[in-house]
1. Using only the alpha carbons of chain A, determine the length spanned along each of the three principal axes and report them from longest to shortest in whole angstroms.
2. Is it possible to state the helix-based mean residue ellipticity at 222 nm for chain A, with each DSSP H run of 4+ residues giving -39500 (n - 2.57), the sum divided by total residues, to the nearest 500 deg cm²/dmol? What is it?
3. Mean projection of the alpha-carbon convex hull of region A:49-120 over all orientations, in nm²?
4. Let me know the whole percent of all Cα-Cα pairs from region B:1-61 that are separated by more than 14 Å.
5. Could you quote the convex hull projected area for region B:1-125, Cα atoms only and averaged over all directions, in nm²?
6. For peptide B:117-128, how many partner chain Cβ atoms fall within 10 Å of a residue's Cβ, on average?
7. Report, as a whole number in µm² per second, the diffusion coefficient that Stokes-Einstein gives for the protein assembly as shown at 4 °C and 1.567 mPa s using the Kirkwood radius over alpha carbon pairs.
8. Between residue B:6 and residue A:174, what's the calculated FRET efficiency when r is the beta-carbon distance and R0 is 30 Å? Round to 0.05.
């Protein structure tokens, strides 16, 4: 593990390894999301109570998973940056934040659209919905902090601390439906334990979840690599790279 | 240059972990203090125990008890009983019910508790559980003699059995998972 963290210290190494991994994740993301969308929207059976409106789950659950996972990833990157001063970790965290905010918004929005036909309301201040809204504000806070400082080091430190402290919200989101009475139902789809739907419904959901994660990894690799070039633009190896390609 | 935990890095790590732990304790205590207010609704048990205020806007939640829905044919008035299978709460409502409203369904009703003991609802929201299944599976369950509230525990279990081709529904034990 130390050896891996050691290697991360070199942006050049990350740039090279990212180039090799990136195409694989792009292809996986495109294939999985395409298959999952067609399967989920066209071939999976409708729900016995909700009919076709249940199909929103194929966007809602993957985006909610990603919204929370990206925040945890940001916090881990923040810790690695703060303790070991690894700049690539900070760059990756900075590049993840907009996608995380977007995914949080997508899950809130798709949940609202889903809530109208099933619950009879698009918003309710229950523990799950409110903690998810707080997650959106945390993301916006992290993004704002990065833009608010003249010095990049101060901005990175402030954003890392907010991400690490804000990660407390993640278990609250996850367990809100178990700890309190909420309008939102408990989790259908868990990594371990039972799944509250038959195979022909959850298989496309699993594919969509994997597709969303691949998309997140591919996009983060791509954006971090371009951020490396931007921040290291005065370094020798980047100049050589630019010169070589001209 | 090695990256193992030098004393300086170790100290930094502890400061960060301490900060996060402190924040977690602060948030945890706040949530603990607010635990009653974070609940979206009162259950009929809590209302029967007198925990809910009268004639103030509250939310109550539970299942619609089977066979208690009485509709007025000339208006939108409807009466039903919300239950948590321990205590019951009578609800009076006038308005359009959500599509998912039916007997045996989880609901959240927003309204004011009257001194006569019933709740005058302004809004009825449907809850649904975390289980989804195709209509054919639901129908097979019904034919096998399950009641709607059994669906929640047995749906996944029975759906699996149906897939395996043993659709007779025999040997159903209580849903232990």
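1. Principal extents (Cα only, largest first): 63, 35, 31 Å.
2. -26000 deg cm²/dmol
3. Projected area, direction-averaged: 5.1 nm².
4. It works out to 72 percent of all Cα pairs.
5. Details: hull surface 51.0 nm².
Mean shadow area of the hull around the Cα atoms is 12.7 nm².
6. 3
7. Stokes-Einstein gives a translational diffusion coefficient of 53 µm²/s.
8. Details: r = 35 Å, r/R0 = 1.16.
It comes to 0.30.
Since every read-out is calculated from the coordinates, none of them should be taken as a lab result. Bear in mind the structure is a predicted one, so any value in this text is a computation, not a measurement. Heads up, the Cβs are rebuilt from the backbone with ideal geometry, glycines too, and the neighbour counts pull from every protein chain shown.
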